[in-house]
Each structure stands twice: as structure tokens, then as C-alpha cells.
Amino acid sequence: MSFARAHAIVTIRAYPAMVNALPDLSHEHRPLSHPMQIMPATLSPTDASRYARIALANIEREFPAKLDHVIADAAASALPRALHPAFFGSFDWHSCVHAHWLLARVMKLYPRLPEAAAIRSLFDARLAAVNIDGERAYLDRPESRSFERTYGWAWLLKLAEELACWSDADAHRWSRDLAPLASGFVKRYGSYLPDATYPIRHGVHSNSAFGLAFALDFARACDAGSLVDLCLAKARQWYLPDRDAAAHWEPSGADFLSPCLIEADLMRRVLDADAFAVWFGGFLPDIERREPATLFTPAIVSDRTDPYIVHLDGLNLSRAWCWRAIAIALPAGDPRSGIAAEAASAHLSAGLEGVASGEYEGDHWLATFAVLALTT
């Protein structure tokens, strides 16, 4: 679809095969050049509804709020709703964005969800063109050059992808209205990645592999060829030579991503199945012995009221989706596939214990990780 707005002519296309697609599980031998985004759901309608209610409540909750905001002068001081007319709420900008993704994903899976009307009403309000123009104006500030880089960038493109690949009349309209902001973040990737000499490897927001993985998904699904090429080139430059990953150092105390597994989750998007199997064997050579044990053992979450310790619930969930994707990406008959699937199950079980704990430190974001882990 192409349309004119104040910033530019914006085009977002979705390949027909990607729209509401459920993949054939016998795809082990096919190249991963266009990985499907939705697999048969293990997310139940009951849990989809429960997570939708959590997201709806958090999106409407403006405070407490944590802003990623550079104040250039007194005139730049404002409340979250004024700075971010589309994505205030849920404590911080990226959590609000991915809460919208959660709502789009669960309603796409279960169109008759009891919360569907509330979700559509929310999207009509938040994703209105005037609000997205406000978000784009904020992004275009000189002071916003590193705003949400690259975690928030990746989630905005994941939301744009979800809407673009949904055969729903309302979703087409929301996708159209969101497109100028998505275009802005595509340009950010285009400006940033050529200058980024080194990847960021820690297991929190700015992890480079996570940012590339979601950007690559969007670019392939929405026909953004230059972004595909840039992500593939940077992934190969940064990660293809990696061997003997220091996975025994994981986890760090504030991780919500596994630096090693999120890198592997990116590379299974970059390489075909056979090449990925070889690369993975050099990167984590002891998987068949289930070593290092730290990568197979769910993290202990000692205090869900602590905003950093609770990240470890997210680590368990993100490990679950990474292990599951790795299991599927490996060639048929590879013994590591079953080992990865078992690790995914163990981490998923542990991670789900922390979802909807009643503590806002986790409740404002963990439901998204649960939905991603249950639908990847």
C-alpha cells in the first residue's frame, strides 16, 4: 500500500503468503529466507483473553512512567501523554508499543476474543493518524537520535509487521496510519547500522541481535529490500565468525535476553538449515551434552517487586522462544533439536510463573513475552 503524508510517500507491502499464515511444520529442509511469523498457537483462548486484559489496562495507565527523553530546553518538558500521543502508558514507550503488538497478535489468533471490541476501539484512538504524526515529530527531533535504539525500534517494526500481515479491514487502516512512523525507524536503521562497528551483546534493551532479528522479520514480510540487505550484511559481519560462545557466564542479574540464544535466534534467520546447523555447532559446541548447564537451567527470580531482578522472568520466556525456534530451524533428525525443544519447555514453564504476578514491575511487560513464547 502506498499513500501520501506530510513526511513522504510511504509504502508497506505484505507478501500474500505472509497474511494470516500458519506454517507447514514439515519445513525443516527449506531455507529460512522467509520464516513464518505465526506457528500453530499453544496460547489458549482463556490465556489470550487474560493477557489482553493486562495489556489493555497497562496501555491506559499513564503513571508511573519512565521516559527516554532528552530535554533540550524548558519547552521540551512535558507529560508522557503529550510527548507520545500514541504510545504513552505501560510504564515506558517500548512496553506500550509491544503491548499493542500483543493485542494485535491475540486478536489475529482469536478474532472473537471477548476483548476484541475494546482492542479495536483502543487501536482506533491510539493509532489515529494525528497521533502517529505526533510520534513521528518526536522521533524527528535532533535530540531523539538514539531514542529507544534499537529495542523500541524493533518492537515498533514488529507491530507494523503484525498489522501489515493481517487480512482485516481495520488492520489495513491501522497499518496505513502507522506506516510513517515505521518508515522513520527503517530510516534510523539505515543511518545507524553502517556506522555501528561493534555489536552490543548484553542481555538487555540495546542488544544488537534482537534489534536485527525483528528488523529482518519486518523487512522480509513488508518488502523492504534495502533493510533486508543491511540486516543480513551486518549479522554476517558481527556474528558469522563467532565460535565457542561464553554461555557459561549467563545469566547476568538483569538479563531478559540470553546474549547467546538471541544471537542464535538471529542467525537461524540468516542461514539456511544446513548452514545454521554447522554455525550453531561451532557457536555452542556442547549442546548435545546439555552444556553449559546454565543455558539449560531456568533463572531464579528471587524478588518480583525489584524492577531488574524481575527481568529474569523475561529471560526465561525469551529463552523459551529462542530454544523453540532453534529446535525448528535445525535439520530433521538433528539430535540437538529435541534437546532444544526440551529446554524451551522447561524455560516456558518457569517463565509463565511470573506473568500476572500482581507486581507492576513485571506486569507492565511480561505478558508480551509470554504471548511471543507461546506463539513462536
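Here are the numbers:
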| read-out | value |
| --- | --- |
| Dipole magnitude (debye, nearest 20) for segment 216-314, charges at Cβ of Lys, Arg, Asp, Glu | 160 debye |
| Under 12 Å, Cβ to Cβ, from Arg201 - net charge with Lys/Arg +1 and Asp/Glu -1 | -4 |
| For the chain, built as a Gaussian network whose Cα springs stay under 10 Å, the top-fluctuating residue of Trp238, Trp155, Trp249 | Trp249 |
| Percent accessible area from carbon and sulfur atoms, the chain, protein chains only, probe 1.4 Å | 56 percent |
| Nitroxide proxy distance, nm - points 7 Å out along Cα→Cβ at Ser252 and Gln237 | 2.3 nm |
| Label-to-label distance, nm, for residues given as Thr294 and Val278 (7 Å Cα→Cβ offset) | 3.0 nm |
| Positive-pole candidate from Ser121, Leu103, Trp155, dipole of the chain, charges at beta carbon | Ser121 |
| Where Val310, Val301 fall by accessible area, highest first, once all protein chains stay in place (1.4 Å) | Val301, Val310 |
| The chain: calculated mean residue ellipticity at 222 nm from DSSP helix runs of at least 4, using -39500 (n - 2.57) | -17000 deg cm²/dmol |
| Label-zone membership for segment 131-164, site Ala72, 7 angstrom Cα→C-beta point, backbone N under 19 Å | 133-149 |
| Amide hydrogen neighbours beyond the local backbone of Arg61, cut-off 5 Å, H modeled | Ser90 |
| Prolate/oblate/rounded call for the chain, Cα gyration tensor, a/c under 1.5 rounded | rounded |
| Mean separation of Cα contacts under 8 Å (6+ apart) over length of segment 62-132, as relative contact order % | 32 percent |
| Alpha-carbon centroids, segment 331-354 and segment 171-244: separation in whole Å | 26 Å |
| With DNA, RNA and ligands ignored, accessible area of His69 (1.4 Å probe; Å², nearest 10) | 40 Å² |
| Integer Hz, Karplus 6.51/-1.76/1.60 couplings in order for segment 138-144, x for Gly and Pro | 5, 4, 7, 4, x, 6, 9 |
| Max mean-square fluctuation residue, GNM over the chain, Cα-Cα springs under 10 Å, options Ser349, Ser302, Ser337 | Ser302 |
| Rg over Rh, two decimals, segment 212-310 (C-alpha only, Kirkwood Rh) | 1.04 |
| Computed over the chain: relative contact order in percent, which uses C-alpha pairs under 8 Å that are six or more apart | 20 percent |
| Compactness index (Cα Rg / 2.2 N^0.38 Å), segment 80-201 | 1.07 |
| Only Lys, Arg (+1) and Asp, Glu (-1) charged, at Cβ; the chain dipole about Cα centre in debye | 800 debye |
| Accessible area expressed per residue, the chain, with surrounding protein chains retained (probe 1.4 Å, Å²) | 39 Å² |
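The values are calculated or read from the model by the stated rules, or taken from the named source; none is laboratory data. Because the structure is a prediction, the values reported are computed rather than measured. Ideal geometry is used to build each Cβ from the backbone, glycine not excepted, and the neighbour counts take in all protein chains shown. Note: areas computed on protein heavy atoms with side chains; ligands, DNA, RNA excluded. Shrake-Rupley method; radii C 1.70, N 1.55, O 1.52, S 1.80 Å.
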